[in-house]
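Encoded as structure tokens, the structure appears first; notes follow it.
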Amino acid sequence: MDLDSASDADLIAAVAAENRGALRVLHERHSPWLVARLRRRCGDADVVAEAVQDTWMAVWRAPRWEGRGEVGAWLWGIAIRRLIGVQRRRNRWVPPVRQPRDDIVVSAEERVLLGVELGDLAGALTALSPELRAVVQATVLDGLTTKEAAVLLGIPRGTVKSRMSRARIEMRGALA
């Protein structure tokens with residue numbers, strides 16, 4: 001099999017058969033956008049690098065993609081949970097840096113997310129306090145559960161719920 005032209009699904013199957021070359025190709029395809037998206041959630045480059053490394057170690061050790069959905073979405077799920085784990089181990093959360101960079105390859109999904117952040121909802125999101133905006137990003141944009149968002153942000157689950165409720169009220173008012 002020509003690994004460079006193989007589908008992501010075929011590469012995952014090859015990784016399950018312990019093909020290091022397949023892992024290398026997956027890494028080359030997906031690491032740039034994983035790093036870019038994780039950097040939007042965490043401002044500490046070392047934490048992001050460790051989370052990405054942990055992601056690829058998890059893929060190598062036990063690739064459990066079940067063939068449903070996109071491989072990229074599966075990888076993102078692993079990566080964001082690894083980011084939470086690294087931040088939990090280091091017991092800190094560093095806000096993301098919001099400076100555009102030309103050297104990062106941006107996926108179509110990331111462009112959509114940028115549209116949300118810079119489009120019609122931009123004013124409503126920007127008007128939120130940093131604490132409320134972080135909860136919206138974690139739960140809505142990243143799709144984390146309340147528990148996962150609480151761990152990521154270092155706050156109790158109840159606080160995540162109350163901040164999300166306040167954010168909804170403020171955004172409704174801003175968009176009305």
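Tell me, please, whether a residue that is touching a helix residue (DSSP H, G or I) at 6+ places or on another chain (Cβ under 7 Å), among the charged types (D, E, K, R) and surrounded by 21 or more Cβ atoms within 10 Å (Cβ to Cβ) can be found in region 165-174. No. Can you name the condition, by its number, that V15 falls short on among (1) touching a Pro at 6+ places or on another chain (Cβ under 6 Å); (2) exposed (fewer than 15 other Cβ atoms within 10 Å of the Cβ)? The one condition V15 does not meet is (2).
Considering region 141-161 alone, what residues qualify as being assigned to a helix (DSSP H, G or I), without any contact (Cβ under 8 Å) to a residue 40 or more places away in the chain and closer than 18 Å to W76 by Cα? Listed by number, the residues that qualify are L141, T146, K147, A149.
Looking across A174, A134, A138, one residue alone is in a helix (DSSP H, G or I) and in contact (Cβ under 8 Å) with a residue 60 or more places away in the chain. It is A138.
Has region 94-117 got at least one residue that is among the aliphatic types (A, V, I, L, M), modelled with pLDDT of 55 or more, within 20 Å of R37 (Cα to Cα) and touching an Asp or Glu at 6+ places or on another chain (Cβ under 7 Å)? Checked against the condition, which is being among the aliphatic types (A, V, I, L, M), modelled with pLDDT of 55 or more, within 20 Å of R37 (Cα to Cα) and touching an Asp or Glu at 6+ places or on another chain (Cβ under 7 Å), region 94-117 yields no hits at all.
Pairs are defined by a Cβ separation below 9 Å, a sequence spacing of at least 6 or placement on different chains, a first member in region 3-18 that is assigned to a helix (DSSP H, G or I), and a second member that is surrounded by 12 or more Cβ atoms within 10 Å (Cβ to Cβ) and of a type in the set (D, E); the pairs so defined are L3/D10; D8/E70. Residue check: G72 meets all listed conditions (1) more than 15 Å from A13 (Cα to Cα); (2) surrounded by fewer than 19 Cβ atoms within 10 Å (Cβ to Cβ); (3) under 14 Å from the mean Cα position of the chain (by Cα) but one, namely (1).
The values are calculated or read from the model by the stated rules, or taken from the named source; none is laboratory data. From a predicted model like this one, the values you see are computed outputs, not experimental measurements. Because the Cβ atoms are built from the backbone with ideal geometry, glycine has one as well, and the counts that use them run over all protein chains shown.
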